[in-house]
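The values are calculated or read from the model by the stated rules, or taken from the named source; none is laboratory data. From a predicted model like this one, the values you see are computed outputs, not experimental measurements. Cβ coordinates were reconstructed from backbone atoms using ideal geometry, including for glycine residues, and neighbour counts include every protein chain displayed.
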């Protein structure tokens, strides 16, 4: 675990140096370029690989859903003439839905029968729900990476990225698992679907029993603002992640949906 934290720490230090250099630029040349979100939602592991499920849910009871919460950020480090360099990161904490004690916590949004409607009616409760999930999480994932946007497309930007990450499970004997990859993709920069992306990558996933270092990954993320003024700081998202060896080995498909809450509006406004 220490080795992984050190590796991510080195990247974080280098990123901080880049950020410092960016802030040293003249004020008129600066672009804030910083985004931070708190999110809550649901992960569906129905089509995850057997060894993946065995690791994240060793006491499998047939329940393949997890409530998730975490924080993600995205910061522009450097703007060149026609290209941009970003640092980004995310933590994802998960608790199996069957382990959420709704009798003791009936007011949690995640305990309501209509999760989506309850969240939209009381979005300010996102922090309370996230805190509950963080305190009771059985899994934690984290990653940090650099993204280089190098070309304009129609309504989007093409990019390449390198990402280092890990996954750990509470009380698991196997320790922390490495999950790293490099990828190429496109991210939407038009208002209606801003932040949505599609990418194809290659890397390593130590969750699998075979071909751990030869994994092909597809990540599709759809998001966009809610066109209601009082909910403008909330963005629903849907994501599907495919991890395959393009061979006879096991593959994994996971789906996520939930809501991003803009921390700059939610906390710092």
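Counting only residues that are over 21 Å from residue 75 (Cα atoms), in contact with a strand residue (DSSP E or B) (Cβ under 8 Å, 6 or more places away or on another chain) and touching a residue at least 40 places away in the same chain (Cβ under 8 Å), segment 167-200 holds 7 of them. Could you tell me which residue of segment 122-135 is modelled with the lowest pLDDT, considering only residues that are touching a helix residue (DSSP H, G or I) at 6+ places or on another chain (Cβ under 9 Å) and surrounded by fewer than 17 Cβ atoms within 10 Å (Cβ to Cβ)? Once the filter is applied, the top-ranked residue is 124.
Suppose we keep only residues that are at pLDDT 90 or above and surrounded by 18 or more Cβ atoms within 10 Å (Cβ to Cβ) within segment 220-233. Which one would you say is farthest from the chain's Cα centre (by Cα)? It comes out as 223.
Here residue 126 does not fit the description of being assigned to a helix (DSSP H, G or I), over 20 Å from residue 259 (Cβ atoms) and touching a residue at least 12 places away in the same chain (Cβ under 8 Å). In segment 77-105, the residues that are at positive phi and part of a loop (DSSP other than H, G, I, E, B) form no Cβ pair under 7 Å with any partner that is modelled with pLDDT of 90 or more and surrounded by 14 or more Cβ atoms within 10 Å (Cβ to Cβ), whether six or more places apart or across chains. Taking the stated definitions as given, is residue 53 at pLDDT 65 or above and either more than 12 Å from the chain's Cα centre (by Cα) or farther than 28 Å from residue 206 by Cβ (or both)? Against the criterion (at pLDDT 65 or above and either more than 12 Å from the chain's Cα centre (by Cα) or farther than 28 Å from residue 206 by Cβ (or both)), residue 53 does not qualify. Listed conditions (1) modelled with pLDDT of 90 or more; (2) surrounded by fewer than 20 Cβ atoms within 10 Å (Cβ to Cβ); (3) under 21 Å from residue 260 (Cα atoms) are all met by residue 182, apart from (3).
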